[in-house]
Amino acid sequence: MYLNNLNPSVKALTILGLVAALALLFDPVTPALFTLCTIAVTFLFGDFRRKYYLFYLIPFTIFAIGMLWTTIAFADAPKNPSETVGLIWWEVPREDVLVALSLSFRVLAFATMSLLFIFTTNMVEFLLSLMQQLRLPPKLAYGIMAGYRFLPMLTTEFRQIRAAHRVRGMGQESRWKRYRRFAVPLLAGAIRKAERTAVAMESKGFTGTRERTFYRNIRVRKKDWLFPAGMGAIFLLLILLSLRFDYFSWYQGQL
């Protein structure tokens with residue numbers, strides 16, 4: 001799929017730019033429509049498990065609803081609001097409702113863009129792209145890559161240690177003491193793996209210099225620029241729609 005084959009650095013910079021632009025807006029319409037467009041782009045041009053995407057989106061949705069409620073409930077309401085909106089059992093100033101909706105939809109917009117990147121990006125290719133396109137130091141990049149690879153191994157080791165302790169009848173104490181007992185063998189195993197990794201990298205001539213060759217070359221192609229151009233066009237179109245219906249607003253210290 002198109003999103004999965006994009007240059008990761010181009011994708012990341014595009015999303016960071018859109019996040020910065022959305023942070024300057026303070027109307028509810030633009031981030032709400034942009035959220036829907038981002039979800040549509042992710043589902044149409046990305047290859048991933050849809051149910052996992054929806055599962056990860058649920059916590060952000062709950063957080064956005066909570067922000068909507070708290071912003072409305074604890075806002076400093078004006079004494080004589082020019083216009084109010086009826087919400088279930090009380091009247092709320094229209095300005096407070098717009099501020100709450102703007103904050104909630106911005107949270108969802110940031111979340112959907114983050115999920116677009118996470119679900120359509122290979123992390124190894126992302127780190128290689130950071131080294132090759134954005135000149136990230138190889139020492140830092142390969143350290144992050146090694147740590148990223150260690151996480152599944154630590155999970156497997158934790159399960160093995162827990163099973164071994166259960167076989168020996170050592171699982172009767174409190175959870176805090178049990179996990180504290182797991183920490184020593186896990187730490188020892190992590191140190192042992194880190195030493196082996198360091199020795200292996202040194203034996204293969206890794207010095208951490210920037211002037212190095214790569215087995216996998218990540219390049220910026222012409223089709224990679226379609227993503228920032230397309231997302232930027234969608235963003236500008238939504239701003240024009242907000243201006244057309246008189247909803248557009250910059251952030252001017254409304255909180």
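The values are calculated or read from the model by the stated rules, or taken from the named source; none is laboratory data. Being a predicted model, the structure only gives us computed values, none of them experimental. Using ideal geometry, Cβ is built from the backbone for each residue, glycine included, and neighbour counts are taken over all protein chains shown. Each accessible area value is taken on the protein alone, full model and side chains, heavy atoms only, with ligands, DNA and RNA left out. Shrake-Rupley method; radii C 1.70, N 1.55, O 1.52, S 1.80 Å.
Being of a type in the set (A, V, I, L, M, F, W, C) and open to solvent by 100 Å² or more (accessible area, probe 1.4 Å) is the filter here, so list the residues in the range 141-199 that pass it.
Correct list: LEU151, VAL167, TRP176, VAL184, LEU187.
Taking the range 6-51, which residues are farther than 15 Å from PHE110 by Cβ, at pLDDT below 90 and not aliphatic (A, V, I, L, M)?
Correct list: ASP27, GLY46, ASP47, PHE48, ARG49, ARG50, LYS51.
Which numbered condition trips up LEU68, out of (1) touching a residue at least 40 places away in the same chain (Cβ under 8 Å); (2) assigned to a helix (DSSP H, G or I); (3) farther than 30 Å from ALA141 by Cβ?
Evaluating LEU68 over (1) touching a residue at least 40 places away in the same chain (Cβ under 8 Å); (2) assigned to a helix (DSSP H, G or I); (3) farther than 30 Å from ALA141 by Cβ leaves (1) as the failure.
Can you pull out the residues in the range 1-47 that are among the aromatic types (Phe, Trp, Tyr) and either open to solvent by less than 20 Å² (accessible area, probe 1.4 Å) or in contact (Cβ under 8 Å) with a residue 24 or more places away in the chain (or both)?
The answer is TYR2, PHE26, PHE34, PHE45.
Is it the case that ARG106 is at pLDDT below 85, of a type in the set (Lys, Arg) and within 23 Å of the chain's Cα centre (by Cα)?
Spelling it out, it is not the case that ARG106 is at pLDDT below 85, of a type in the set (Lys, Arg) and within 23 Å of the chain's Cα centre (by Cα).
List every residue pair whose Cβ atoms sit under 8 Å apart, with the two residues 6 or more apart in sequence or on different chains, where the first one lies in the range 111-135 and is assigned to a loop (DSSP other than H, G, I, E, B) and the second, anywhere, is open to solvent by 20 Å² or more (accessible area, probe 1.4 Å) and of a type in the set (Phe, Trp, Tyr).
THR120/PHE48
Regarding the range 230-241, can at least one residue be identified that is at pLDDT 75 or above and more than 30 Å from LEU33 (Cα to Cα)?
No, because not a single residue in the range 230-241 is at pLDDT 75 or above and more than 30 Å from LEU33 (Cα to Cα).
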